[in-house]
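A short write-up of the structure that comes next.
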Amino acid sequence: MVKTLSEKLAILSDAARYDASCASSGGNKRNSRDGKGLGSNEGSGICHAYTPDGRCISLLKILMTNFCIYDCAYCVNRVSSNTPRARFTPEEVVSLTIEFYRRNYIEGLFLSSGIIQSPDKTMEDMVQIARLLRERENFRGYIHLKTIPDAAPELIAAAGLYADRLSINVELPTEAAVAAYAPEKNPATIRSAMQDVKAGRAASKDRSHSGKRPPKFAPAGQSTQVIVGADGSNDATILGQANSLYGSYGLKRVYYSAFSPIPDSSAKLPLVQPPLVREHRLYQADWLLRFYGFSVDEITGVTQAGNLDLDMDPKLAWAIAHRGLFPLDVQRASRDLLLRVPGFGVRTVNRILSTRRHRDLRYADLQRMGALLKKARPFITLRDWSPGRLTDSADLRARFAPPPEQLSLF
Amino acid sequence: MRTIALPRIGTAQAWRYAARGLLAEDVRPEDVLWSFDDPAQVDLFAAQPRRKTTPAQVTVPKSFVDMANRVVWHSDDDRFARLYTFLWRLRDTPALMQDRGDAQLSHLRRLEKNVNRCAHKMKAFVRFRDLSATGPRRRFAAWFEPTYHTVEPTAPFFAKRFGDMDWMIVTPGVTARFEDGRLSFAPGQARPDLPEDATEELWGTYFCNIFNPARVKVQAMTSEMPRKYWKNMPETRHIPQLLANAEARARQMQEAMPTLPPLRAERITASLADLRATATRDSLETVNAQIRSCTRCALCGPATQAVTGEGPRDAALMVVGEQPGDVEDRTGRPFVGPAGQLFDEIAAQAGLDRQATYVTNAVKHFKFQQRGKRRMHQAPNQGEVQHCKWWLEAEVALVKPKLILAMGGTALLALTGTKDGILKRRGQVEDTAYGPVLVTLHPSYLLRLPDASLRAAQTELFRADLAQAAQRARLVA
């Protein structure tokens, strides 16, 4: 039976929703003010709508097909699942993207796919769609392509020329978990593919002897996704992996996706409530790693068993465990230390630094600068504020943690 | 008292011009009354005869001009007066722009933030409908109700984005039109009757299916997509239905019993396994393929790839190094980093032909510590060397070299069981279970020597060791 476009869209967007990434930021700036094309990219992404799961819709996130020859236990599209299957033709994807874009529904396309026939064939079809959009439709919006592991390097190179961002999901935090739940995937080839993208990006920045630049390669970089809570890995393992991915392959983002129930689940992986708070804490820790100068050991060393504290954010948990460093004199403390004060963000710290050159700071000033003083109060001193014994008080943790709850007796 | 009337269209420029004139005439902020889009007030430019001389140059930080250009679009009645009051202070103390704790500045910044957010939401939430025009350019129109006066500053964004079509954004205050590449503004209108657009159905289908019913976070949605925008967005009519069914759908997924895989699954999985089994042919290739998928120790996790040996499989000489470095890990080839290049250089001087040599490492994965963006080399420990010895033995058994050159402590440890006294043992041939092993230091040792004369002496010794290896290999070959 032939499926209509609407039915295909339903199946193939349903299959794509487990990919957390929907960012449209980064990439080179371009527009269509010349009237010869469609679309623009300003560097900062736009979220065009939000679904009730709190995730933004920035890109048209679909699979080219959800037929797949792999059997990954956590995935709704695995070969052993009875989910309905469909496949878009390249023309259908192109027309959906263009029509949605013209009505200002989306920033561009995020195309992923199940593996059909062979990795090369799948990647070739995806590159074909990107080529049609860029060359025939003169589309200048955002394109995010998922790279298929094991696809030929030439195809990845071609994909990098059309797409703003490439991504490949590591999916699970350890080799053992991949072997158990995604037996056909090989973590080493995934890392090699990331290395290829990194090398492609580095090569596209080299000018030739005449000063000419080679074409841009995946200007918005690459990202990846890890499923949290499907296997037994702790947060230290997950963050350690993320840290090494950021360092080794210059990833722009690592997405953490709480393992959430899928239709027609595998007997290998029992369904649980998705660990949403844990996912949130991992993102907070990820930011501390990238922008606040924390190391993985510092963040995960605070609690037992290498997991993050679910009751409070990792920075606050760290500060409470290291009260010897506090309270800090905001007027004189270094940037590195100010960044470690709970309730101070990068922007607040920059404002503090630029203002304190001119005058003494007061409590009300910090309020106006956007600091969260409820959190910061015990850890700072100012001209008109001293935390007194608050910093070392025994119940400091209890002030921030949610009140204990009586467990259900039944 | 001076009254300045500012128009609805072109507000930013009018305010700037007026403020410049007032400053030039030294008019104090408390002596100015500002009015906005007031039909009772006469037009600014008509009322005051244009001065013959341009107003005196006023210098303010660029950051103020950028801020003022946003704040004027707010709907706060005091915005013009606040801007001018701040500008008055700024004249004497330009550093005021950096004082983020200043009450007046922080109020203006808040207004600016409101306007920016409103403009951003307008970029996100305007929904065009197709007017099905027959001309060469397609025509679209949208009805939108912004919180502040953000149509004029945001319209250029749409002009850049939708350059190849004609469009119109109608709002209660201002209407923006883009026709044949020209952007124009007109007074606002009442809500027009736009024709139905079939694509909205498809968009609704997408919106419903991209939603994951197992993770409901209504507050995360409404904080970014406030309800006031919902009435002009076609997809939002599905939200109540989605929320009502979410819990039941999630529960249903959890309670459903696992089903039997479809028939094709077994066939596909089996053929995939066949494909993998036949992928390797020759025995050294088999070993190398197995090395690439090795997970015997923890080093495989962070490293990019295993680096296998390289060279003719009937080589008389086998060179064993420590482990791949950063460059080798990225390229997948042994001895191509700084130490490898040094080895090549000295080997060439010593008459050792690398092309005729099988080069490999005692440990196949790169061990490192991540420090920011740098990967700092770490020596492999006993356990890792032991795990990897399995592969080294397999390589030795297949290549059957007449002589093995062990470079550095790790190679020595793997081949002889101990690395103690390496400085005394260097330059000598030891008999081992793998055949004769010539001991020398690792070339990276030379790279780390700070003293030039010491380095020259050690390089000379290393060259002599390589020459000896080359000579012995030639003799037995």
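The numbers here are math on the coordinates, done by the rules we state, and not lab data. All values reported here derive from a predicted model rather than from experimental measurement. Heads up, the Cβs are rebuilt from the backbone with ideal geometry, glycines too, and the neighbour counts pull from every protein chain shown.
The table below gives the values:
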| quantity | calculated |
| --- | --- |
| Volume of the Cα convex hull of segment B:204-255, divided per residue and given in Å³ | 75 |
| Tail fraction, Cα-Cα pairs, segment B:126-187, threshold 13 Å, whole percent | 58 |
| Label point 7 Å beyond Cα of A:Ser386 along Cβ direction - residues of segment A:322-362 with amide nitrogen under 20 Å | A:323-333, A:360-362 |
| Tensor-based shape of segment B:2-121 (alpha-carbon gyration tensor, a/c under 1.5 rounded, otherwise prolate or oblate) | oblate |
| 5 angstrom amide H check on B:Val319, placed H, neighbours 5+ away | B:Tyr358, B:Val359, B:Thr360, B:Leu405 |
| Shielding by partners - mean other protein chain Cβ count within 10 Å, residues of B:322-335 | 1 |
| Cα long-axis angle, helix B:62-71 against chain B (0 to 90 degrees, to the nearest 10) | 60 |
| Between 0 and 90°, nearest 10: helix B:382-399 axis offset from chain B longest Cα axis | 60 |
| Cα centroid of segment A:294-317 to Cα centroid of segment A:332-361, whole Å | 23 |
| Zone of A:His358's modelled label, taken as backbone nitrogen in segment A:379-397 under 19 Å from a point 7 Å along Cα→Cβ | A:383 |
| Spacing of the two label points (7 Å from each Cα toward its C-beta) at B:Glu247 and A:Arg131, in nm | 5.2 |
| Alpha-carbon centroid distance for the pair segment A:30-107 / segment B:190-231, whole angstrom | 16 |
| Most fluctuating residue given options A:Thr381, A:Thr355, A:Thr83, as computed from a GNM of chain A linking Cα atoms under 10 Å | A:Thr355 |
| For the protein assembly as shown, calculated [θ]222 nm from helices alone, where every DSSP H run of n ≥ 4 adds -39500 (n - 2.57) | -12500 deg cm²/dmol |
| Inter-label distance, nm, simple model (7 Å from Cα along the C-beta direction), B:Ala133/B:Ser35 | 3.8 |
| Alpha carbon centroid spacing (whole Å) that separates segment B:63-133 from segment A:253-287 | 40 |
| Coarse-grained scattering of the protein assembly as shown at q = 0.05, 0.11 Å⁻¹, given as base-10 log I(q)/I(0) from a Debye sum over alpha-carbon atoms | -0.38, -1.40 |
| Residue of A:Leu161, A:Leu382, A:Leu109 that the Gaussian network model of chain A assigns the largest fluctuation, springs spanning Cα pairs under 10 Å | A:Leu382 |
| Sequence of B:His365, A:His48 once ranked by neighbouring C-beta atoms within 10 Å, starting from the fewest | A:His48, B:His365 |
| Cα-based helix-to-principal-axis angle, B:239-255 vs chain B, degrees rounded to 10 | 30 |
| Separation of the B:Ile9 and A:Ser6 label points, Cα + 7 Å toward Cβ, nm | 4.0 |
| log₁₀ of I(q)/I(0) at q = 0.27 Å⁻¹ - segment B:69-125, Debye sum with one point per alpha carbon | -1.10 |
